[in-house]
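Okay, so here's the structure we're looking at.
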Amino acid sequence: MSAISTKSRGYKVFRIVNVCIMLVVIAVTLFPVLNILAKSFSDIKNLTKNTVTIWPKGFNIDTYKTIMKDMMFWSNYRNTIIYTVVGTLVNLFMTTIFAYPLSVPRLKGKKFLMAFVVFTMFFNGGIIPNYMIVNGLGMRNTIFAIVIPGAINTFNLIVMRTFFEGIPQEITEAASIDGMSTFGILTRIVLPLSKPIIATMLLFYAVGMWNSWFPAFLYLDNSNMYPVTLYLRNLIAGALSATGADADSLGTVSINIRYVTIVLTSLPILCVYPFIQKYFVQGMTLGSVKG
């Protein structure tokens, strides 16, 4: 009886310590988020004095008003949504149809293909050759220049392949014996069992597409086609380089625009993440280490 009570007391102590540690981790994680949010709503005086912590001082929304009154901002925001949705679907499709064959033991030339895939993690053609290829294929100033060049992320491909390898071969072999095609096995058996890794890849690719601005900077000349991240990048560059009367007219915008930018670009992803985070840990755990 004493052993049970001792164990019970030890377990209570463990839970208390565990909760305290988690509270500290949560506080450390939330502080920079709250700090950025507070600075985006603070005025120039308090920002220049660096007195803002997690609560706005001298409440100010001038920068938000300036950005949101610009119709170009909303046009570019719409472009970002389109690029993210289309690009993520392309990413998932291309990664899946490449990762699944690599997970099949009987695939001929599997080692060569994997060596080719891993090679691309460390070596690439560089910006100029990539630009020449995109331009030569006629993809400049189109959505294809944004979604096609980065259609497959090598790391994500390897993680997804490893996850597929963890699915028992007996299931797929039984389906094959019953006459099901390879495509049928993938769509009816493998993918329904792969919701965690699909959700994880969805998050990875969606965040990458949403935050991406450099491909648009390289391949798009029409500002009406810019994603919102490139719009805000140009807005920051203009605010920081403004001088004289321009700097005076920008006022508050030139001071806290970087914080407003972070809030506006991060908010949609922060809203989506809670709905798929339950799959995230399982997908990464099962997809990173082969069982």
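The values are calculated or read from the model by the stated rules, or taken from the named source; none is laboratory data. Fair warning: this is a prediction, and the values are worked out from it, not measured in the lab. In this analysis, Cβ positions are derived from the backbone assuming ideal geometry, glycine residues included, and neighbour counts consider all displayed protein chains.
For residues that are part of a helix (DSSP H, G or I) and farther than 21 Å from TRP210 by Cβ, scanning just the stretch 135-149, find the one that is farthest from the chain's Cα centre (by Cα).
Quick first cut of the stretch 135-149, residues part of a helix (DSSP H, G or I) only: 135-136, 144-147.
Next, from what is left, pick out any that are farther than 21 Å from TRP210 by Cβ: 135-136.
Working: ASN135: 26, GLY136: 29 Å.
Per the criteria, the residue is GLY136.
Output yes when any residue across the stretch 177-194 is modelled with pLDDT under 85, under 12 Å from TYR100 (Cβ atoms) and not hydroxyl-bearing (Ser, Thr, Tyr), and no when none is.
no
Search the stretch 187-215 for residues being touching a residue at least 12 places away in the same chain (Cβ under 8 Å) and among the aromatic types (Phe, Trp, Tyr), and hand back the single one that is surrounded by the fewest Cβ atoms within 10 Å (Cβ to Cβ).
Per the stated criteria, the residue is TRP213.
Taking GLU165, is it modelled with pLDDT under 85, charged (D, E, K, R), more than 16 Å from the chain's Cα centre (by Cα) and on the phi < 0 side of the Ramachandran plot?
On the way: modelled with pLDDT under 85: no; charged (D, E, K, R): yes; more than 16 Å from the chain's Cα centre (by Cα): yes; on the phi < 0 side of the Ramachandran plot: yes.
Judged against the criteria, GLU165 is not a match.
Regarding the stretch 48-68, can at least one residue be identified that is at positive phi and surrounded by 12 or more Cβ atoms within 10 Å (Cβ to Cβ)? Let's see the steps before the verdict.
Within the stretch 48-68, the first condition is being at positive phi, and the residues that meet it are 50, 58.
Narrowing further to those that are surrounded by 12 or more Cβ atoms within 10 Å (Cβ to Cβ): 58.
Checking the stretch 48-68: at least one residue is at positive phi and surrounded by 12 or more Cβ atoms within 10 Å (Cβ to Cβ).
From the list VAL52, VAL90, VAL86, VAL118, which one is in contact with a Lys or Arg (Cβ under 6 Å, 6 or more places away or on another chain) and among the β-branched types (Val, Ile, Thr)? Give the derivation first.
Numbers: VAL90 fails: in contact with a Lys or Arg (Cβ under 6 Å, 6 or more places away or on another chain); VAL86 fails: in contact with a Lys or Arg (Cβ under 6 Å, 6 or more places away or on another chain); VAL118 fails: in contact with a Lys or Arg (Cβ under 6 Å, 6 or more places away or on another chain).
Exactly one of VAL52, VAL90, VAL86, VAL118 is in contact with a Lys or Arg (Cβ under 6 Å, 6 or more places away or on another chain) and among the β-branched types (Val, Ile, Thr), namely VAL52.
Of these, TYR100, TYR131, which one is surrounded by 14 or more Cβ atoms within 10 Å (Cβ to Cβ) and under 30 Å from ASN222 (Cβ atoms)? I'd like the intermediate steps shown before the answer.
Details: TYR100 fails: under 30 Å from ASN222 (Cβ atoms).
Result of the check over TYR100, TYR131: TYR131.
Six or more apart or on different chains, Cβ atoms under 7 Å: show the pairs whose first residue is in the stretch 125-146 and under 20 Å from THR88 (Cα atoms) and whose second is small (Gly, Ala, Ser).
VAL134/ALA145; MET139/ALA145; ILE146/GLY87; ILE146/ALA216
If the Cβ limit is 8 Å and pairs must be 6+ apart or interchain, which residue in the stretch 53-66 that is among the small types (Gly, Ala, Ser) pairs with which residue that is in a helix (DSSP H, G or I) and surrounded by fewer than 16 Cβ atoms within 10 Å (Cβ to Cβ)?
Going by the 8 Å Cβ cut-off, the qualifying pairs are GLY58/LYS45.
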